[in-house]
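Student: Quick one: structure below, then a few questions.
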Amino acid sequence: MTPKEVLALVREKDVKAVDLRFMDFPGLWQHFTIPSEALSESTFEEGLGFDGSSIRGWVAINESDMLVLPQAETAFIDPFFADTTLTLICNIQDPLTKEDYSRDPRNVARKAENYMKSTGIADVAYFGPELEFFVFDSVRFDQTQNSGYYFIDSAEGAWNMGREENPNLGYKIRYKEGYFPVPPADSLHDLRTKMMRLMIECGIPIEAQHHEVATGGQCEIDMRFSPLVDMADRVLKYKYVVKNVAKMHGRTATFMPKPLFQDNGSGMHVHTSLWKNGVNLFAGSGYAGLSDMGIHAIGGLLKHAPALCAFTNPTTNSYKRLVPGYEAPVNLAYSRRNRSASVRIPVYSPSPKAKRLEFRCPDGSSNPYLVFAAMLMAMLDGIKNKIKPGDPLDKDIYDLEPEELATVPKTPASLEEALDRLEADHEFLLQGDVFTADVISTWIWYKREKEVDAIRLRPHPYEFYMYYDM
């Protein structure tokens, strides 16, 4: 869509307002709204001003003025506002230099795509994330100087099998048995279908929707793959639709990786492949039907995986999911079928077009622009330097002897450790000025001060259970 076509759409749909959206540093959509009459062709060139100092992780108060530049090709009609509203995703610029702002996550993703093309290795990087999330009936949480708690509830949660519900009709999903019984056990089918249809209306091609493994409302809706920046845009629309449809129906949705104790967490397995001139560069005659380039891409992902986790698993809660001994992909190895390996090569189809890698570490609390950009930079580094990933891990991880298991590298055990690994290994991200040194240092500072230290300083409720009588 061009700016002229956007303005024609405004007239055709009798649009009353235009919502301008952009991504903050940690990974939440921000917005402000203008009347439709204020949108003109010049807006797409000149942008609109706002205070960047109020955005998390951005500029200081003395350099606060920033510009949003709406991107015409991102236009869609928002399905949730009372008045007909057109939404436009924006890039961020410095108003004085007119340069793209280095800490704008969408700009990082755009630079990653451009760098890939400049290397001549590939002309398109496809990404297909599988986002898992929970839909709860209610959630309460608080932290004060003298208290701290959370309380989650779901009518289909296994913990409610004995609750007095006048009447309790049963059909609760037992722990780890949510994949995937039909209704009435699956109580969220209609809700997910509503989400699916609205995603399609917003321009997101959808392949399937289903309940996921965990009790208490774990869900997944699968998007069709798309190029890097476009897919990151779609992830934000996806999360926006999920949260708002849940709210419309008196429920609450979360992409928090590990909200429930002793049941599956929510991941964001990311499928990816590199193409050039319409040819899938990862398809070949090697292991699991991969080319040498595909193998080297795995080498790059595995070599840099501990540093990547600072972006792909960017919350303290992320490491409640990445725990050894469970199904989570903590083993930094690759396999054609083993889902406990960090990199899996799906074998559903023998078609060269279907050949891809699945990086299983990421979760939905991440910023998709930074995740996809960092993954691409790691793969390109592996390809350029012909990094070999070693032998595949095709054995059942639970049958390995302790001595053999100890030789398999693991993901970081905490966000703090992931940030340390990023601090030590980020040169591959600086290639082509994709991630600047300022972006890396600001990310590490923000996560350490605002999240790692924030959790470290607060007593945990379970500590009272373990230690109060000491």
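Student: Over the Cα atoms, compute the radius of gyration (one decimal) and Dmax (the largest Cα-Cα distance, rounded to a whole number) for the range 402-452, in Å.
Tutor: Computed over the Cα atoms of the range 402-452, radius of gyration and Dmax are 14.0, 42 Å.
Student: Kindly report, to the nearest 10 Å², the accessible surface of residue 376 as traced by a 1.4 Å probe over protein heavy atoms only.
Tutor: For residue 376, the solvent-accessible surface is approximately 0 Å².
Student: With the alpha-carbon atoms as the only input, what is the per residue convex hull volume for the range 1-128 in Å³?
Tutor: 138 Å³
Student: A further question follows. Take the eigenvalues of the Cα gyration tensor for the range 169-249, scale each by 5, and report the square roots as semi-axes in whole Å, largest first.
Tutor: Working through the eigenvalues yields semi-axes of 25, 13, 10 Å.
Student: Applying a 10 Å radius around every beta-carbon, put 106-119, 431-444 in order of their mean neighbour count, most first.
Tutor: Ranked by mean Cβ neighbours within 10 Å, highest first: 106-119, 431-444.
Student: Report the net charge of residues surrounding residue 453, where surrounding means a beta-carbon distance below 13 angstrom and charges are Lys +1, Arg +1, Asp -1, Glu -1.
Tutor: Net charge in that neighbourhood comes out at +2.
Student: Among 202, 3, 445, flag the residue with its Cα farthest along the positive direction of the charge dipole of the chain, charges on Cβ as +1 for Lys/Arg and -1 for Asp/Glu.
Tutor: Farthest towards the positive pole: 202.
Student: Continuing with the same structure: Please state the Cα pair-distance histogram of the range 54-121 with 5 angstrom bins from zero: what percent is in each bin?
Tutor: Once binned at 5 Å, the Cα pair distances of the range 54-121 give 3, 14, 18, 19, 16, 15, 10, 3, 1, 0.
Student: If you don't mind, another one. For the range 304-372, just list the percent of Cα-Cα distances falling in each 10 Å bin from zero outward, please.
Tutor: 21, 47, 28, 5
Student: From the Cα gyration tensor of the range 376-470, with a ≥ b ≥ c the square roots of its eigenvalues, which class applies: rounded if a/c is under 1.5, or else prolate if a/b is larger than b/c, or else oblate? Kindly include the intermediate steps, with their values, before the conclusion.
Tutor: Numbers: a/c = 4.22, a/b = 1.20, b/c = 3.53.
Oblate.
Student: Rounded to two decimals, what ratio of Rg to Rh does the range 284-409 give with C-alpha atoms and a Kirkwood Rh?
Tutor: Looking at the range 284-409, the ratio lands at 0.95.
Student: Follow-up. Relative contact order for the chain: what is it in percent, counting Cα pairs under 8 Å that are at least 6 residues apart? Walk me through the numbers before you get to the answer.
Tutor: Values: 923 pairs, mean separation 68.6, N = 470.
About 15 percent, as a whole number.
Student: Still on this structure, please answer the following. Provide, as a two-decimal number, the C-alpha radius of gyration of the range 203-278 over 2.2 N^0.38 Å, N being how many residues it has.
Tutor: Against the compact-globule rule of thumb, the ratio is 1.26.
Student: Quick one: which of 258/303; 237/276; 194/395; 239/276; 16/258 span more than 32 angstrom between C-alpha atoms?
Tutor: Details: 258/303 26 Å; 237/276 28 Å; 194/395 40 Å; 239/276 30 Å; 16/258 40 Å.
Over 32 Å Cα-Cα: 194/395; 16/258.
The values are calculated or read from the model by the stated rules, or taken from the named source; none is laboratory data. Predicted model, so just to flag it, every value in this text is computed and none were measured. Here Cβ is always computed from backbone atoms with ideal geometry, including for glycine, and neighbour counts include all displayed protein chains. Accessible surface areas use protein heavy atoms only, side chains included; no ligands, DNA or RNA. Shrake-Rupley method; radii C 1.70, N 1.55, O 1.52, S 1.80 Å.
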